[in-house]
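Below is one structure, written out as structure tokens; comments come after it.
The values are calculated or read from the model by the stated rules, or taken from the named source; none is laboratory data. Keep in mind the model is a prediction, meaning the values are calculated, not measured. No Cβ is skipped: glycine too gets one built from the backbone with ideal geometry, and neighbour counts run over all protein chains shown.
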Amino acid sequence: MKGWAKIKTAAKYSGVSERTLRKWLKSDLRHSRLPSGTILTRREWIDEYLENFEVVENTVDKITLEICKDL
């Protein structure tokens, strides 16, 4: 789905609260602010932002094995 989304719609699209989405905007989520103060972001930008936090299963398994090895 392409296009612009306001905070409420973007939060729903992401499956997070509006408060969490606003935190993302303060960190690095790209967005635009209209002269009226309305904040808009693109769904593609949300997807790009979330991809930065992708967990690669092999990395998680490797870390888990290292921790368990020391126990």
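Is it fair to say Thr64 is at pLDDT below 95 and of a type in the set (Ser, Thr, Tyr)? Spelling it out, Thr64 is indeed at pLDDT below 95 and of a type in the set (Ser, Thr, Tyr). Beta carbons closer than 7 Å, at least 6 apart along the sequence or on distinct chains, pair a first residue in region 20-42 that is on the phi < 0 side of the Ramachandran plot with a second that is surrounded by 11 or more Cβ atoms within 10 Å (Cβ to Cβ) and polar (S, T, N, Q) for Leu21/Ser14; Leu29/Thr41; Arg30/Thr41; His31/Thr41; Leu40/Ser32. The listed residues are Leu29, Leu25, and the only one of them that is in a loop (DSSP other than H, G, I, E, B) and either at pLDDT 95 or above or of a type in the set (D, E, K, R) (or both) turns out to be Leu29. Scanning region 35-71 for residues that are under 13 Å from Lys6 (Cβ atoms) and surrounded by 10 or more Cβ atoms within 10 Å (Cβ to Cβ) yields a total of 7.
From the residues in region 48-71 that are charged (D, E, K, R) and under 25 Å from the mean Cα position of the chain (by Cα), which one is farthest from Leu21 (Cα to Cα)?
Here is the first cut: in region 48-71, the residues charged (D, E, K, R) are 48, 51, 54, 57, 61-62, 66, 69-70.
Now restrict to residues that are under 25 Å from the mean Cα position of the chain (by Cα): 48, 51, 54, 57, 61-62.
Working: Glu48: 14, Glu51: 15, Glu54: 17, Glu57: 25, Asp61: 29, Lys62: 31 Å.
Checking each candidate, the answer is Lys62.
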